[in-house]
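Worksheet: one structure, shown below.
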Amino acid sequence: MHIRRWLVAIIIIVVTVAGLGAIKYNQVMAAIAYGESFPEPSASVKTVTTQITSFTPQEKVTGQVTAKQVVTLQNELGGVIKNVGFKPGEAVKKGQLLLAFDVSQEFAQLNAAKANYLLTKNTLTRFDKLLKQRKVSQQDFDLAQANYEVAKANIANLNSVIAKKKLLAPFAGKMGLDVYQVGQFLPQQTSISTLIGSTEQLWVDFKLPQTSARLSLEDTVMLQAINDTNAVKVAAKIIAIDSQVNAKTRQLKYRALVENTNGQLHHNEMINVYLPRPSVDAVIVPNLSIGRNGTETFVYQLKKDPQGQYRAHKANVIIGQRQGDNQLILSGIDAQQLIATEGAFKLRQGLLVYPQFDDAKGVN
């Protein structure tokens, strides 16, 4: 009797579970059918066919313009300024008087020295005659001759002091913006001003890491104003290379010579230096094709699946220099590959893609 009740209960449970399973199965199948009624996710993008281009990469460093003639003018002797022969920032000629100091005291001493010189000269002449007549000793003659030489040296010394109290331009150039007044006292070794030589040629010094490709004498680099990337580049020729790599910075110093006929460059000016490198071949693609994340740079190639539909395939690439709206690809993708451009950000691996072939002829 108890067995019959258990069998009935088991049968009821089995029927109930089977009924619920059938219901759930029908629900799942209905959901699958409903999902299949929607189209597969896809994206529409513009495309381009990759091409190979030859280009010459340029490495850019910062250099410093240096004049071939630069000097900081100083007065060797102190004194009161009697004459100022230049204006701040003025161009001066070689030998032009820049500053003259008061030399009235030195001229008074010079007149006294000249008088003493005449006295010692006459004394020496008389002693020379007397020595020949054996009326004076050799010692007296030697003393007269020594006094004569001392007097002559005093005149030369005072003339030298007077000359040193005039500051002349050692070469033609342009003065700094320093201002001096008549009557102003300047101690000795005062830095008066900086004179920059006026030449049509300037030096440009720059440094390269020891890991960079070496330049050679007579190589040409291109210079461009550091604040104007649209400025015309000017050629400069390498004329000197430092004899050693700097032990602290591990850099090698170069010097280039540039013509400055238009006066567009100035001493101590910073300037961009573009270094020539060998030409290489690379794939060129639009900038819109490039995707990036924290670890990789990539483009999406569009390839047909077995059904003949295009799907997105991520290709990691190594990029080179940017050229306007285009980007050079050094490796990771070959020529004649269809890739996504505008709209590439919408893609993911394996996504169905409907390409627009308007721009598929390639990048110029």
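The values are calculated or read from the model by the stated rules, or taken from the named source; none is laboratory data. Computed from a predicted structure; not experimentally measured. Neighbour counts are summed over all protein chains in view; Cβ atoms, including those assigned to glycine, are modelled from backbone coordinates with ideal geometry.
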### Message
Looking for something without any contact (Cβ under 8 Å) to a residue 60 or more places away in the chain and of a type in the set (Val, Ile, Thr) - is there at least one such residue anywhere in region 223-231?
### Response
yes
### Query
If residue 186 satisfies every condition in (1) modelled with pLDDT of 90 or more; (2) out of contact with any Ser or Thr (no Cβ under 6 Å at 6 or more places or on another chain); (3) surrounded by 14 or more Cβ atoms within 10 Å (Cβ to Cβ); (4) within 21 Å of residue 64 (Cβ to Cβ) but one, which is the exception?
(4)
### Task
Name, by its number, the condition in (1) assigned to a strand (DSSP E or B); (2) modelled with pLDDT under 75 that does not hold for residue 26.
(1)
### Task
Among the residues of region 196-215, write down those that are buried (at least 16 other Cβ atoms within 10 Å of the Cβ) and part of a loop (DSSP other than H, G, I, E, B).
198, 215
### Cβ-Cβ under 6 Å pairs, at least 6 apart or on other chains, region 272-283 side within 16 Å of residue 236 (Cβ to Cβ), far side of a type outside the set (Lys, Arg) and surrounded by fewer than 19 Cβ atoms within 10 Å (Cβ to Cβ)
272/224; 272/226; 273/61; 274/58; 274/222; 275/59
### Query
If you check residue 226 against the conditions, is it buried (at least 16 other Cβ atoms within 10 Å of the Cβ), of a type in the set (Val, Ile, Thr) and within 42 Å of the chain's Cα centre (by Cα)?
no
### Summary
Listed by first then second residue, the pairs whose first member lies in region 311-329 and is under 20 Å from residue 45 (Cα atoms), whose partner is basic (Lys, Arg) and assigned to a strand (DSSP E or B), with beta carbons under 9 Å and at least 6 positions apart or on separate chains, are 311/303; 311/304; 312/303; 313/303
### Task
Taking the options 232, 245, 285, name whichever one is in the same structural domain as residue 338 (by TED's automatic domain parsing) and not in a helix (DSSP H, G or I).
285
### Message
Conditions first: (1) closer than 21 Å to residue 58 by Cβ; (2) touching a strand residue (DSSP E or B) at 6+ places or on another chain (Cβ under 6 Å). Residue 212 passes all but one, so which condition is the exception?
### Response
(2)
### Query
Looking at region 127-144, which of the residues that are in a helix (DSSP H, G or I), surrounded by 13 or more Cβ atoms within 10 Å (Cβ to Cβ) and modelled with pLDDT under 90 is nearest to the chain's Cα centre (by Cα)?
144
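So is residue 218 at positive phi and touching a strand residue (DSSP E or B) at 6+ places or on another chain (Cβ under 8 Å) or not? Explain how you work it out, then say what you get.
Numbers: at positive phi: yes; touching a strand residue (DSSP E or B) at 6+ places or on another chain (Cβ under 8 Å): yes.
Yes, satisfied.
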### Query
Among (1) farther than 30 Å from residue 45 by Cα; (2) assigned to a loop (DSSP other than H, G, I, E, B); (3) of a type in the set (Ser, Thr, Tyr), which single condition is residue 254 missing?
(2)
### Query
Quick one: is residue 319 under 25 Å from residue 56 (Cα atoms), at pLDDT below 90 and crowded, with 17+ Cβ neighbours inside 10 Å?
yes
### Query
So which residues in region 45-85 are closer than 30 Å to residue 181 by Cβ and either hydroxyl-bearing (Ser, Thr, Tyr) or at pLDDT below 90 (or both), if there are any at all?
72
### Message
Looking only at residues that are more than 17 Å from residue 218 (Cβ to Cβ) and aliphatic (A, V, I, L, M) in region 235-263, which one is surrounded by the most Cβ atoms within 10 Å (Cβ to Cβ)?
### Response
245
### Message
For region 46-96: of the residues being closer than 30 Å to residue 336 by Cα and aliphatic (A, V, I, L, M), which is nearest to the chain's Cα centre (by Cα)?
### Response
52
### Message
Please return the ranges of strands (runs of 3 or more DSSP E) entirely within region 292-364 where 1 or more residues are of a type in the set (Asp, Glu).
### Response
none
### Task
Kindly provide the set of residues from region 145-195 that are among the aliphatic types (A, V, I, L, M) and assigned to a helix (DSSP H, G or I), ordered by number.
146, 150, 151, 153, 155, 156, 158, 161, 162, 163
